[in-house]
Amino acid sequence: MYAIVAGGGKVGANVTRSLLTMGHEVTLVEQRRDRFEQLEAELGPVVLAGDATEIHILERAGIARPPDIVLAVTGDDEDNIVIAQIAQDGYHVPKVIARVNDPRNQGHFDLLGVTRTLCATSGLLGLVEHEVPEHGLVKLLELRREGLEVVELQVAPESPAAGKRVAGLSLPDDVRLVSITRNGVAEVAGLDTVIRPGDQVIAILKPGLEDRLRKALVG
């Protein structure tokens with residue numbers, strides 16, 4: 001696999017080291033001279049000096065081949081958006097992943113068609129919500145390209161769903177229950193599956209239906 005990593009900070013450098021250790025071909029692009037010299041001394045000619053938002057730098061990195069994947073992981077969200085757009089729209093790179101430094105900028109990535117993103121802050125908050133759910137519903141995964149999300153809910157004893165079959169629940173049309181975990185054992189949710197207090201339910205749904213699902217399962 002050939003990968004271009006844009007951004008030689010901690011994230012980009014560690015990803016590059018890992019990919020090289022796995023035997024992949026990588027070009028790491030870093031524009032800060034001091035950081036470039038440090039990485040070049042460590043990693044050798046795989047490090048390229050330059051601004052990855054500039055097309056001629058990306059072409060020197062081999063984006064016209066095209067690479068199997070481009071990782072835009074600089075510390076600047078605007079740069080990551082530009083790099084991702086150039087890669088996926090200009091050179092039709094099959095897989096492009098962009099880092100979102102500020103979760104408030106996620107909407108800009110979505111609006112501009114950069115759907116494969118990673119945000120450490122959002123991921124950490126998701127783990128916190130999973131351990132301390134405030135409203136009985138935790139978002140596990142967002143499938144932005146497909147317009148879906150995966151959530152988890154805990155069924156309380158007083159829940160309106162407790163004791164009911166899945167087929168008897170008043171769920172929105174664009175909601176599907178995927179699995180139910182009871183006493184540490186998970187099973188696929190079928191129409192005849194009975195919801196019990198304490199069950200952990202995983203569902204897939206369209207964004208915007210969280211409150212209706214919460215009311216149906218949690219109350």
message: Six or more apart or on different chains, Cβ atoms under 9 Å: show the pairs whose first residue is in the stretch 155-180 and touching a residue at least 24 places away in the same chain (Cβ under 8 Å) and under 16 Å from ARG214 (Cβ atoms) and whose second is outside any loop (DSSP other than H, G, I, E, B) and among the polar types (S, T, N, Q).
response: VAL155/GLN200
- request: Please verify whether the stretch 22-32 includes one or more residues that are out of contact with any Phe, Trp or Tyr (no Cβ under 7 Å at 6 or more places or on another chain) and in a helix (DSSP H, G or I).
  value: no
- request: Please determine, by comparing only the residues of the stretch 71-87 that are crowded, with 24+ Cβ neighbours inside 10 Å and of a type in the set (Gly, Ala, Ser), which one is farthest from the chain's Cα centre (by Cα).
  value: ALA87
- request: Tell me, yes or no, whether the stretch 181-191 has at least one residue that is surrounded by 12 or more Cβ atoms within 10 Å (Cβ to Cβ) and under 16 Å from GLU210 (Cα atoms).
  value: no
- request: Kindly list the number of the only condition in (1) in a loop (DSSP other than H, G, I, E, B); (2) at pLDDT 85 or above that fails for PRO133.
  value: (2)
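The values are calculated or read from the model by the stated rules, or taken from the named source; none is laboratory data. Bear in mind the structure is a predicted one, so any value in this text is a computation, not a measurement. Neighbour counts are summed over all protein chains in view; Cβ atoms, including those assigned to glycine, are modelled from backbone coordinates with ideal geometry.
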